[in-house]
Amino acid sequence: MREAPRSRPPGIEACGNVKREPPPKLEAAVGSRHIGPMSDAFPRSRMSRLALALPVLLAVAGAGAWWGLSSAGGAGVPEACRASVATVERLKPLAKGELAALVVASPPKPAPEIAFTGPAGQAMTLADLKGKATLVNLWATWCVPCREEMPALDRLQAELGGSGFEVVAINVDTRNPDKPRAWLQENGIRNLAYYADPGGKLLQVLQRSGHVVGLPTTLLVDEKGCEVALLKGPAAWASPDALAVVRAALAQRS
């Protein structure tokens, strides 16, 4: 039987497809005049002053570069996520192969404040999961690539899930709340607890923050509650590449 089309929230595409407009043409100008020959745009007096100021500018730039290098690993990192810098460094070389699209957070930052319902229907936020690392996956039954990667997420939970790690797959269907549960049951997804946001507010929050442009979208959050990586689109979550990433987040050896 042919399945009826499913509704999706406005602005959300399946598989992270995003329309990219060509960049606007830029024209450089000085004041209201376009830059022409150097003699027209920059009189000789201005050129003289620029020549005198150039050594000072270079000295300031050099000092800034030295400061940036000397403060690497600490500058710009929120206090709550300073301990997550080591996790990020472990993850960087692992964004390859099946997880080449993984964007490692630099610097790590507190996970977005999103609300959803837990397995028992209770109100939850990501803060409630602090103390364990989580792979937060957003999916919907109308999203074909979401459905295709659910078995791999289920296997990942079976392989590494426990007190220190959980795959938190949050369903974002807004119609027929019983349908996602039924789909998981029918397709043999047994290891994932059921999380959901039937109100659709979670996607709005993550669209505004730039986390979501399509589904599926997956965030890797460490045990301190800090976002350490983001992947927009589907991935082979039960592959050796994915297992290596999760183990690195857990500081485990393969």
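The values are calculated or read from the model by the stated rules, or taken from the named source; none is laboratory data. All values derive from a computational prediction rather than experimental measurement. With ideal geometry, Cβ positions are generated from the backbone for all residues, glycine too; neighbour counts draw on all protein chains shown.
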Enumeration of residues in region 230-254 that are basic (K, R) and at pLDDT 95 or above: K232, R247
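For (1) free of Cβ contacts under 8 Å to residues at least 60 places away in the same chain; (2) under 23 Å from M124 (Cα atoms); (3) in the same structural domain as S106 (by TED's automatic domain parsing), each residue gets a yes or a no:
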| site | (1), (2), (3) |
| --- | --- |
| A140 | no, yes, yes |
| R155 | no, no, yes |
| G199 | yes, yes, yes |
| P216 | no, yes, yes |
| K224 | no, yes, yes |
| V245 | no, no, yes |
Among the strands (runs of 3 or more DSSP E) confined wholly to region 107-207, which include 3 or more residues that are out of contact with any His (no Cβ under 6 Å at 6 or more places or on another chain), at pLDDT 95 or above and buried (at least 19 other Cβ atoms within 10 Å of the Cβ)? 133-139, 165-171
Does K96 fit the bill of being under 14 Å from C226 (Cβ atoms) and surrounded by fewer than 17 Cβ atoms within 10 Å (Cβ to Cβ)? no
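Being touching a Phe, Trp or Tyr at 6+ places or on another chain (Cβ under 9 Å), crowded, with 17+ Cβ neighbours inside 10 Å and outside any helix (DSSP H, G or I), is that true of even one residue in region 222-233?
Yes - at least one qualifying residue is present in region 222-233.
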For D241, which of the numbered conditions (1) charged (D, E, K, R); (2) touching a Gly at 6+ places or on another chain (Cβ under 9 Å); (3) in a loop (DSSP other than H, G, I, E, B) fails to hold? (3)
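Could you please let me know if A169 is touching a helix residue (DSSP H, G or I) at 6+ places or on another chain (Cβ under 9 Å) and farther than 30 Å from V77 by Cβ?
no
Conditions (1) hydrophobic (A, V, I, L, M, F, W, C); (2) within 21 Å of D197 (Cβ to Cβ), marked per residue:
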residue	(1), (2)
W139	yes, yes
R147	no, yes
L153	yes, yes
A158	yes, no
N171	no, yes
T174	no, yes
D178	no, yes
R181	no, yes
